[in-house]
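To keep things clear, I will list the structure first and then write my remarks on it.
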Amino acid sequence: MTTIAFLGLGIMGSPMACHLAAAGHDVVGYNRTPEKAAPLVSAGGRAAKSVTEAVRGADVVALMLPDSPDVSEVLTGEGGVFATAAPGTLIVDFSTIRPDVAAKLAAQAEEKDLHLLDAPVSGGEAGAADATLSIMIGGAKEAVEAVRPLLDVVGKTVVHVGPAGAGQTVKAANQLIVAGNIALMAEALVFLEAHGADLPAAVEVLGGGLAGSAVLNQKAQKMLDREFAPGFRIDLHHKDLGIVTAAAREAGTALPVGALVAQLMTAARSAGLGGLDHSALYRTIANLGGIS
Ligand code: NAP
């Protein structure tokens with residue numbers, strides 16, 4: 001049994017922490033809005049009132065927070081993880097943040113004899129609920145092997161992809177692919193609707209061919225039903241497309257399709273859709289296509 005501090009019990013963090021508790025680990029959760037710790041407590045975990053309280057005595061610290069500034073604050077801020085964790089503690093950041101920030105934080109952690117892995121995930125809310133996430137890990141091999149049994153509890157495809165920051169680079173590519181998929185799937189549905197096609201029949205047959213995808217399986221019906229409760233918020237995908245376009249610029253490479261999709265995601269957010277699931281990008285694309 002490992003004592004795990006789990007910081008951030010939102011849409012993804014809550015089911016992940018619950019799986020770890022159900023697997024017999026001592027999970028101490030902290031969430032800024034305390035009510036969100038209730039499912040973890042029901043699953044056999046404990047709720048802490050602060051980051052400091054959660055991290056004290058933990059062998060492993062897991063984070064699942066929205067963005068780079070949130071992770072930086074919780075790690076390096078007053079009463080944060082770096083100030084509280086015992087030397088040798090393994091820190092696993094499941095959040096999706098900038099690769100350069102992940103690498104910098106990992107170096108800062110080493111100075112304190114702490115070991116930080118970037119371990120962003122893919123698979124959505126369903127993947128977190130089913131414990132079938134893809135986890136892309138950046139960091140030292142020994143630290144990866146030490147936490148692998150815990151990662152196997154929440155993930156199905158767990159791959160060490162390189163040094164600190166490399167997990168976030170792969171995740172940025174993941175978000176590019178998912179956003180492009182969503183945008184083109186929305187465009188295809190608008191096209192089919194404009195032709196008066198039988199939409200459920202079209203989705204069924206598209207799913208069986210080369211156009212089939214996990215995105216189509218999870219999101220097409222949401223678009224047909226106009227059911228856009230999150231899931232993965234447009235605000236977060238907007239953040240991720242900012243990460244990938246900035247990282248591409250730094251590397252001196254171009255993402256012509258990704259840049260266009262990033263603009264569409266920004267337009268969706270500007271239209272007030274930021275709190276909805278990223279499948280609501282459909283609404284922005286439907287508006288452009290004259291479909292309501
Ligand atoms: P979420 O539901 O908004 O959860 C984020 C959690 O972080 C909330 O519980 C929030 O607390 C807490 N938080 C936010 N800012 C904080 C701060 N500055 N200090 C302390 N706690 C803070 O988001 P999510 O969907 O779980 O996403 C979490 C991460 O996973 C993101 O990086 C996202 O890109 C990534 N991700 C999400 C999905 C998905 O399908 N949702 C899939 C793969 C990866 P409050 O409750 O107080 O707001």
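Once a ≥ b ≥ c are taken as the square roots of the eigenvalues of the Cα gyration tensor of the stretch 85-178, is the result rounded (a/c under 1.5), prolate (a/b larger than b/c) or oblate (a/b not larger than b/c)? It comes out oblate by the Cα gyration axes. Which entries in LYS104/LYS141; LYS141/LYS239; LYS104/LYS239; LYS156/LYS219 show an alpha-carbon gap greater than 26 Å? Listed pairs above 26 Å: LYS141/LYS239. A crude spin-label estimate for the pair ASP225 and GLU142, with each label 7 Å from Cα along the Cβ direction, gives 5.0 nm. Of the residues GLY155, GLY88, GLY127, the one that moves most in a GNM of the chain with alpha-carbon contacts below 10 Å is GLY88.
For a test of the definition: using alpha carbon positions, the gyration tensor, and the 1.5 limit on a/c, classify the stretch 15-88 as rounded, prolate or oblate. Prolate shape, in that a/c is at least 1.5 and a/b is the bigger ratio. Amide H to amide H distances under 5 Å link VAL28 with ILE4, ALA5, PHE6, ARG46, where only residues 5 or more positions off or on other chains count and H is placed in the peptide plane. With respect to the chain, whose longest principal axis is taken over its alpha-carbon atoms, helix 99-111 is tilted by about 0°.
For LYS171, the aspartates and glutamates whose Cα falls under 17 Å of its own Cα, not counting residues fewer than eight places away in the same chain, are ASP67, ASP93, ASP100, ASP118, GLU125, ASP235, ASP240, GLU250. Between the helical axis of 234-251 and the longest alpha-carbon principal axis of the chain there is an angle of about 80 degrees.
For the chain, the antiparallel share of DSSP beta bridges with both residues in that region comes to about 15%.
To check you understand DSSP bridge types, tell me what percent of the beta bridges within the stretch 1-101 (both residues inside) are antiparallel, rounded to 5. Given both bridge residues lie in the stretch 1-101, the antiparallel proportion sits at roughly 0 percent. Just how far, in whole angstrom, is the stretch 188-259 from the stretch 119-148 if you go by their alpha carbon centroids? First find each Cα centre; the distance between them is then 23 Å. Summary value for the stretch 197-292: 34 percent relative contact order, contacts being C-alpha pairs under 8 angstrom separated by 6+ residues. Diffusion of the chain by Stokes-Einstein, at 20 °C in a medium of 1.002 mPa s and with Rh set to the Kirkwood radius over alpha-carbon pairs, works out to 109 µm²/s. Across ALA58, ALA268, ALA83, mean-square fluctuation computed from a Gaussian network of the chain (C-alpha pairs under 10 Å connected) peaks at ALA83. Once both axes come from the Cα atoms, what is the angle between helix 256-268 and the longest principal axis of the chain, in degrees from 0 to 90, rounded to 10? Once rounded, one gets 90 degrees.
Taking the helices alone, the chain has a mean residue ellipticity at 222 nm of -16000 deg cm²/dmol, built from -39,500 (n - 2.57) per DSSP H run of at least 4 residues and averaged over all its residues.
Does the stretch 1-138 come out rounded, prolate or oblate, given a ≥ b ≥ c as the square roots of the eigenvalues of its C-alpha gyration tensor, rounded meaning a/c under 1.5 and, failing that, prolate meaning a/b above b/c? Here the stretch 1-138 falls in the oblate category.
When +1 charges are put on Lys and Arg Cβ atoms and -1 charges on Asp and Glu Cβ atoms, the dipole computed for the stretch 35-181 relative to its Cα centre reaches about 200 debye.
For the chain, modelled as a GNM whose springs connect Cα atoms under 10 angstrom apart, the maximal fluctuation among GLY196, GLY24, GLY165 occurs at GLY196. Beta-bridge orientation, the stretch 102-190: approximately 35 percent antiparallel, per DSSP, counting only bridges with both partners inside.
In the chain, a dipole from Cβ-located charges (positive for Lys and Arg, negative for Asp and Glu) runs towards its positive end, and of GLY138, ALA47, MET1 it is ALA47 whose Cα lies farthest in that direction.
Each value in this text was obtained by applying a stated rule to the coordinates, not by laboratory testing. Please read all numbers here as calculations on a predicted model, not as lab measurements. Virtual Cβ from ideal backbone geometry, glycine too; neighbours counted across all protein chains shown.
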